[in-house]
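The values are calculated or read from the model by the stated rules, or taken from the named source; none is laboratory data. This structure is a prediction, so every number in the text was calculated from the model and none was measured. All Cβ positions, even for glycine, are placed from backbone atoms using ideal geometry, and neighbour counts span all protein chains on display. The protein model used for the area step is the full one, side chains on, heavy atoms only, and it has no ligands, DNA or RNA in it. Shrake-Rupley method; radii C 1.70, N 1.55, O 1.52, S 1.80 Å.
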Amino acid sequence: MTTVSVILVGCLSVFNLVLTLALARKLTQLSHAGSHGNSHGASHGGSAGSILSGVSIPDNRLPDGAPMPEFRTVSQADGPISGHDLTGDRAVVGFFSTTCGSCLEQAPDFVKAVTAYPGGRERVLAVVKGTGPVGDNLVAILEPVARVVVEPAGVSEGSVAEAFGVVRWPSYVDIDAAGRITNRLLPAELAVAPAAL
């Protein structure tokens, strides 16, 4: 009887592992899906969450059309940055976390999307949540095209991520000339992406 129990538990463990790996592969495919199928640009703000091929993706707390929030922060390479630095013309903010696998995967796509952004890196802000080797790697990828701010892991009052109501990592935000935001799910959905140039 004990041998049968051990074999049964082993089979269930293998089955569980196979299901977990299949789910992880599906989530990775979804993160690379681009904007095929549903569009999640301006149409998804204010809903309980976006649906991408059956997977619920939470909306950030600031809905599309909200005014850009006030914030003050410091970039090691570029000094003080505030919301006033991003007003008056279009801008982009990207939010990345060191604990998010998709963040590191999508960082090169973000770089491609904003490389020729009008106004250059002065109009592009990248926020990296967390430090360490992954954070250093993200900063190295993003700094050529964006002013980069590194924030401590966890929710910190007064952070740029908190000001923008970010709950989804990675997140991308377009800011129009009137200072209104539009949340984006993928770098390819930003207002100035390679396909739009």
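Just a few scattered comments:
- Segment 127-197, relative contact order [Cα under 8 Å, separation at least 6], %: 22
- Residues in segment 96-129 reached by a label modelled at A140 [backbone nitrogen below 20 Å; 7 Å Cα→Cβ]: 96-112, 126-129
- Nonlocal amide H pairs with A153, under 5 Å, H built at 1.01 Å: G130, T131
- Contact order normalised by residue count of segment 86-150, Cα under 8 Å, 6+ apart, percent: 39
- Computed 3J(HN,Hα) for segment 173-180, one whole-Hz value per residue from the Karplus formula 6.51 cos²θ - 1.76 cosθ + 1.60 where θ = phi - 60°, is 10, 8, 10, 7, 5, 8, x, 9, glycine and proline marked x.
- Cβ-placed point charges (K, R +1; D, E -1), dipole of segment 115-188 about Cα centre in debye, nearest 20: 200
- Accessible solvent surface per residue of segment 109-197, calculated while the other protein chains remain in place, 1.4 angstrom probe, Å²: 40
- Stretch gain in nm, segment D89-A178, where the contour uses 0.36 nm per residue and the Cα spacing is subtracted: 31.3 nm
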